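Report on the following structure.
The values are calculated or read from the model by the stated rules, or taken from the named source; none is laboratory data. Only a predicted model underlies this, so the values are computations on that prediction, with no experimental measurement involved. Using ideal geometry, Cβ is built from the backbone for each residue, glycine included, and neighbour counts are taken over all protein chains shown. Ligands, DNA and RNA are stripped out before the accessible areas are found, and what is left, the full protein with its side chains, is counted by its heavy atoms. Shrake-Rupley method; radii C 1.70, N 1.55, O 1.52, S 1.80 Å.
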Amino acid sequence: MSDQTSNRQSSSPKASDVTLKMQAVWSEDSVLHEFAMDYVNIVNTIGAGRVRLEMLPRGAVVSRGGDLYGAVASGALDAAHGVASNQYSKDKAYALFTTPPSFGWNSTQMLGWMRHGGGQALYDELVQTVHGHNISGYLVGPMPTQPLGWFKKPIHSPEDLKGLRFRTGGLSADVCRVMGMEPVLIPGNETAEALASGRVDAAEYLNPTIDRQVGLAKAAPLYIVQGYHQVCECFEIIFNKSRLDGLGDEVERILEIAGDAASSSMAYKQMVYYPRDLEELKVVDNIIVVQAPKSILDAQLAAWATVLDDLSSDPFFKKVIDSQRAWTKTVVGFDLEWEAPRERAFAFFNNA
């Protein structure tokens, strides 16, 4: 979808009575499914009968995130809600549109790059031109920095991470490998069982709410927060391109506006859910929560530099990270120069 959606002229007739079949692979009792349903409900509200989404049950067509692209491209599904890095095993560039390198930005700034910094055109090129998928899509839902992870023993330095079988995903796997860890790529909903059984030694998933929901608090006693391995992340919503193109500009615009509205709704909900559930982990589950040592953060940045140098031999991968670095140099540079330091004000009023 174009960066210039607001400038398109609609030449298609007004849509009516369009129902699109959508599926996600999140557990239906998880906060991730709730966020997916928020998008569905917003589409159905602002669509006002012109277009609506029907969320099929988990497993109705596919059971794994990596199969969503094939189902949508073939028309078995009209749409899907997931993350682009589900296609990481086919092309690591997909992970740049899920959990990109830690260039100092956050997920809202990442979505800004998608909307106004050339990211959408690069995404379309990857999906439609490089891989030839019959798919139109975009990113929604800014997520905060992910925790370093869940551990069974204290971690004081990068040396303590070496040799650990570590559950992670996307480009974080490459970062962990450079740091001497053994990355294990398994679905998020299998993480707690894998950690409890010893299949992995340590693990990261996503945020305090979903981590608590999937049972990670029962699998390990130590939660180390912060990290540069996955500093921001966004969901991906995809549509069968042939079906979408046939519905006209009005429907496409409704779906895009709903994406921005769902992103805002999700950001606001996270302000309630994540602090609440982090406190529950501490008080109810007796989990020890500590911040990652600075030496590990530094080692992660150095590992990122190595990963990017290695993967930049792929011209398309390099084109994307060059675009991301140019965006962050301007946007994050402005943010750091312009915004008053939050820590100073927070400490003044809360630690007096």
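Quick check on this structure: which one of I46, I42 is open to solvent by 50 Å² or more (accessible area, probe 1.4 Å), touching a helix residue (DSSP H, G or I) at 6+ places or on another chain (Cβ under 7 Å), in a helix (DSSP H, G or I) and farther than 22 Å from P187 by Cα? It would help to see each step written out before you state the result.
Numbers: I42 fails: open to solvent by 50 Å² or more (accessible area, probe 1.4 Å).
I46 is the lone residue from the list that is open to solvent by 50 Å² or more (accessible area, probe 1.4 Å), touching a helix residue (DSSP H, G or I) at 6+ places or on another chain (Cβ under 7 Å), in a helix (DSSP H, G or I) and farther than 22 Å from P187 by Cα.
Please verify whether G180 is open to solvent by 10 Å² or more (accessible area, probe 1.4 Å), closer than 27 Å to A84 by Cβ and touching a residue at least 12 places away in the same chain (Cβ under 8 Å), treating the condition exactly as stated. Criteria not met by G180.
Within the stretch 70-96, which residues are open to solvent by less than 10 Å² (accessible area, probe 1.4 Å) and under 19 Å from the mean Cα position of the chain (by Cα)? Those that are open to solvent by less than 10 Å² (accessible area, probe 1.4 Å) and under 19 Å from the mean Cα position of the chain (by Cα): A79, A80, H81, G82, A84, Q87, A93, Y94, A95, L96. For A60, the conditions (1) under 20 Å from the mean Cα position of the chain (by Cα); (2) outside any helix (DSSP H, G or I) all hold with the exception of (1).
From the list T99, T129, T108, which one is of a type in the set (V, I, T), open to solvent by less than 30 Å² (accessible area, probe 1.4 Å) and at pLDDT 95 or above?
Matching residue, one of T99, T129, T108: T99.
Listed by first and then second residue, the pairs linking a residue in the stretch 47-59 that is closer than 15 Å to H81 by Cβ to a residue that is part of a loop (DSSP other than H, G, I, E, B) and open to solvent by less than 50 Å² (accessible area, probe 1.4 Å), with Cβ atoms under 9 Å apart and 6 or more places separating them unless they lie on different chains, are L53/D78; E54/D78; L56/L77; R58/V25; R58/W26; R58/S27; G59/V25.
Being in contact with a Gly (Cβ under 8 Å, 6 or more places away or on another chain), open to solvent by less than 30 Å² (accessible area, probe 1.4 Å) and of a type in the set (V, I, T): is that true of I321 here? In short, no. The residues on offer are K241, K282, and the sole one that is free of Cβ contacts under 8 Å to residues at least 40 places away in the same chain, touching a strand residue (DSSP E or B) at 6+ places or on another chain (Cβ under 6 Å) and not aliphatic (A, V, I, L, M) is K282. If you go through the stretch 327-352 and pick out every residue that is open to solvent by 60 Å² or more (accessible area, probe 1.4 Å) and of a type in the set (G, A, S), you end up with 2.
Could you list, in sequence order, all residues of the stretch 103-158 that are among the small types (G, A, S) and more than 21 Å from N86 (Cβ to Cβ)? It would help to see each step written out before you state the result.
The initial filter retains those residues of the stretch 103-158 that are among the small types (G, A, S), namely 104, 107, 112, 117-119, 121, 132, 136-137, 141, 149, 157.
Residues satisfying the conditions are G104, G112, G117, G118, A121, S157.
Any chance the stretch 216-231 includes a residue that's basic (K, R) and out of contact with any strand residue (DSSP E or B) (no Cβ under 9 Å at 6 or more places or on another chain)? Checking the stretch 216-231: at least one residue is basic (K, R) and out of contact with any strand residue (DSSP E or B) (no Cβ under 9 Å at 6 or more places or on another chain).
All conditions in (1) farther than 24 Å from A303 by Cα; (2) open to solvent by less than 30 Å² (accessible area, probe 1.4 Å); (3) out of contact with any strand residue (DSSP E or B) (no Cβ under 8 Å at 6 or more places or on another chain) hold for V175, with the sole exception of (1). Scanning the stretch 53-69 for residues that are touching a helix residue (DSSP H, G or I) at 6+ places or on another chain (Cβ under 7 Å), farther than 26 Å from F316 by Cα and open to solvent by less than 40 Å² (accessible area, probe 1.4 Å) turns up L53, M55, V62.
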